[in-house]
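Step one of this worksheet: look at the structure below.
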Amino acid sequence: MDKRYETLTLPQQLELRKKAINDVLANPQWSLAQAVRHLKKTMHLTTAELAKLAGISFRTLQDIEREKSEGTVQTMNRVFGVLGLKLGVVRVSHNDEFRAASAPESAQEA
């Protein structure tokens, strides 16, 4: 746990985990880097702590967070696997494609 935060009880940790999962699932427009940063912040973890939990190198996670790398599917599944999540492929409806293409660039990055 990040030293900037007080130690949390198990129920508090589980509540933060649930919030992190719900936030990521509710925001499919987030980039992988945004999702990773949100998970890390919400769960009060440092980059080193999340990397250790995911079984990947600190540098790999740091590159993903800084958008220097998208990470492989296997790497991202390790990161999201910490929360019991997994990357997947979903069909995008024509309306979703239209909305994404017509949305202002600033809205797509939010």
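Structural remarks
- Residue check for E67: of a type outside the set (A, V, I, L, M), modelled with pLDDT under 90 and surrounded by fewer than 14 Cβ atoms within 10 Å (Cβ to Cβ): no
- Criterion violated by T72 - all others in (1) open to solvent by 40 Å² or more (accessible area, probe 1.4 Å); (2) touching a helix residue (DSSP H, G or I) at 6+ places or on another chain (Cβ under 8 Å) satisfied: (2)
- Complete set of residues in the range 1-26 that are modelled with pLDDT of 85 or more and open to solvent by less than 40 Å² (accessible area, probe 1.4 Å): L16, A20, I21, D23, V24
- Among residues of the range 12-34 that are under 15 Å from G81 (Cα atoms), those with a Cβ under 8 angstrom from a residue that is among the acidic types (D, E), sequence gap 6+ or separate chain, pair up as L32/E70.
- Yes/no for L61 being open to solvent by less than 30 Å² (accessible area, probe 1.4 Å) and at pLDDT below 90: no
- Once the range 36-51 is narrowed to residues that are in contact with a Phe, Trp or Tyr (Cβ under 8 Å, 6 or more places away or on another chain) and without any contact (Cβ under 8 Å) to a residue 24 or more places away in the chain, the residue that is least open to solvent (accessible area, probe 1.4 Å) is A51.
The values are calculated or read from the model by the stated rules, or taken from the named source; none is laboratory data. Computed from a predicted structure; not experimentally measured. We place every Cβ from the backbone using ideal geometry, glycine too, and count neighbours over all the protein chains shown. These area figures cover heavy atoms from the full protein model, side chains too; ligands, DNA and RNA do not enter into them. Shrake-Rupley method; radii C 1.70, N 1.55, O 1.52, S 1.80 Å.
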